[in-house]
Amino acid sequence: MPPECRITIDEVTGLTPESSPGQIQDFRVIGHVVGGCKHVDVTIEFEGHTLTSQPGTQEGNVALDGTWQRFVHNPYSLRCGGQVTVRATCADDPSCRSDPWQHTVPCENVTTCPQIRDIVITGVTCAEVASGHKTRATIEVRLVAPVTNCTYIWLYGDEGSPRPSMADRDHTSSPIQTHDYAQPGLYSVTVTVRHSGCEDTPDSAPLNVPPCCPTLTALQADQECTDDGKTSVTFLVTIYPADAQGTYTWKFGDEPPGQPDQTTTLPTKNHVYAAGGDYPIKVTFTPTDSSLCPGTEIKCEETVRVQDCKPPPCPEIADVQLTNQVCVANPDGSADGAVFATYLVTTNPGNAAGRYDWQFDDGPTEQNRGPSNTHTYSGGGNKRVTVTLTPRETRCPPKSLVKFFDLTNCKRQKVEPPDPSCVALMIWMLMFMIVGAVLLAVGLCALLSCPSCGYASVGFAIVAVVGAVCLFIGLVLFVIWLLLCATFENNCWLLDLLIEFLRWLTILAVAVTAILFVIGRIWASLGLCWVGAGVDSAYFFILFNIAQWFSWVVGCHDWPRVIPDWMRVTLPGWLRELLANIRSHLP
């Protein structure tokens, strides 16, 4: 069984790129064969070119050792960085072929010079100049292979004679340049590409400059609200040149599907929007001259925000709230206290402007009082409140709301005069305190000023004791008055009982105090009489008490000597004898 045919490519020469124009090399392919192949053909592909070896020649025959070689003529130059693909096929057996052999053309130490492939007009617009407007053409130079750091020298074809020199022409670093032509027509454009290390590469191409295409430069929208709450927008598009003739097609962004486009012959159009929002606006201009700018869509697209002119909804009263209620005194002093109530109205939408009228069930209507109001009721209970809102907008009708509120019954104590019992108790208390203080002061003064006045000192002591008792009773009554009359404010039944008891106790205390006072005075008088003698009148003790009273105030004196000097009275005989008998029995 013969071995399987297999072809291998070992070497390819002639792949060095040209370093200057005109340097082109043929390809030489070397390989070997395993199997029964006797002749090999070669195909080479690069940059859109396909080259094949010449068939029917002895070149390509396989040697006894299986090696072979083929030469392929190459009329094209190689570009550095280009891709080259080589394939070998057995002429005797087409099914026997090599794997593709691929190689990238090296770029080391190679200077690539630019070659112009074509010169084209890529765009035409209208340009405004002092003399009117011109056709502004955009011209582009396209190279066979990309080359950087080139200088492009332009000759537009409308310069006239003589042509400007190379130095006076436009020099650019970009292969794209614009030029304004005064008239449309056919012009020969010449571009020279200059690159360091290469010869200048000039090339010319005839360019047909069409009339300039009008341009839509700006879109203006003036808005105003209509009476029915819609938005009327007047659109104005700016076109250049301003005298361009044609038809404007408008799309306003709110058209229902299937609605035909709206067209005008003027650059303005009015449209009414039912609601505000952002709408995409598109204006397209179609020139009357159909030969002008064929295939070019002259349009202006912009998103316009349309204001919302829908009037706000008419305000309504959402609720009436009782925010506070305070009990206050009634002017008439009745048991039912007055209620001071504070109300607040909430509206939908909030803070509605307008006039608020309030109607309370116990008074007239209070007009234009605002959303917050106060009212004083004579008493609590279930109260009805009616609020009417008249909106500021005349298109909105008045709205009313009726609501009921349960107000607190403010029961309060009726102002009454003080209880007579407390007044009486206070009077007795003050009387006892004053009398007790005076007697205590006089008795103590007498005792301290005359400690050796004999039996008279007993009377002085009795007076001081009586004063102390009265003062103590007065202090006790004061404490009782504070605890009962001032604390319970006559609301305790025990207070009435105690006051009645104290009333009789006070009367009894006064009587006992008076008796003790009289006894004390008599005892003091008798004591003075015994120690002083010489007094013989039955009425002596009355006048003596008066004299003794003033004497205690100013200080103690010698009573036996003083009294007879200023008061000479005669006692009845029986009283004189009685006193003498008593005195004789005394030590």
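The numbers here are math on the coordinates, done by the rules we state, and not lab data. These figures come from a predicted structure and were not determined experimentally. Positions of Cβ are generated from backbone atoms using ideal geometry, with glycine treated the same way; all protein chains shown enter the neighbour counts.
At-a-glance table
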quantity	calculated
Residues with amide H under 5 Å from that of Ala352, placed H, sequence gap 5 or more	Thr347
In sequence order, calculated HN-Hα J values of segment 40-48 (Karplus, 6.51, -1.76, 1.60; Hz; x Gly/Pro)	10, 10, 10, 10, 10, 10, 6, 6, x
Whole-Å distance, taken between Cα centres, linking segment 364-410 and segment 136-210	88 Å
Relative contact order (percent, whole number), segment 316-411, Cα cutoff 8 Å, 6+ residue spacing	31 percent
Over segment 6-104: Kirkwood hydrodynamic radius from C-alpha pairwise inverse distances, Å	13.8 Å
Amide H within-cut-off set for Leu216, under 5 Å, with H built and near neighbours excluded	Tyr240, Lys299
10 °C / 1.306 mPa s Stokes-Einstein diffusion coefficient of segment 116-209, Kirkwood radius on C-alpha pairs, µm²/s	114 µm²/s
Qualifying lysines (Cα of each under 18 Å from Cα of Lys282; at least 8 residues distant if same chain)	Lys251, Lys269, Lys299
In order through segment 373-384: 3J(HN,Hα) via Karplus (6.51 cos²θ - 1.76 cosθ + 1.60), integer Hz, x for Gly, Pro	8, 10, 8, 10, 9, 6, x, x, x, 7, 10, 9
Relative contact order (percent, whole number), segment 109-233, Cα cutoff 8 Å, 6+ residue spacing	28 percent
For segment 6-104: relative contact order, % (alpha-carbon pairs under 8 angstrom, 6 or more apart)	34 percent
Inverse of mean 1/r across different Cα pairs in segment 316-411, Kirkwood, Å	14.0 Å
Calculated from backbone phi, Karplus (6.51, -1.76, 1.60) coupling profile of segment 140-156 in Hz, x at Gly/Pro	10, 9, 10, 8, 5, 9, x, 9, 9, 6, 9, 10, 10, 10, 10, 9, 8
Net +/- balance of residues flanking Gly48 in space, Cβ distance below 14 Å, scoring K and R +1, D and E -1	0
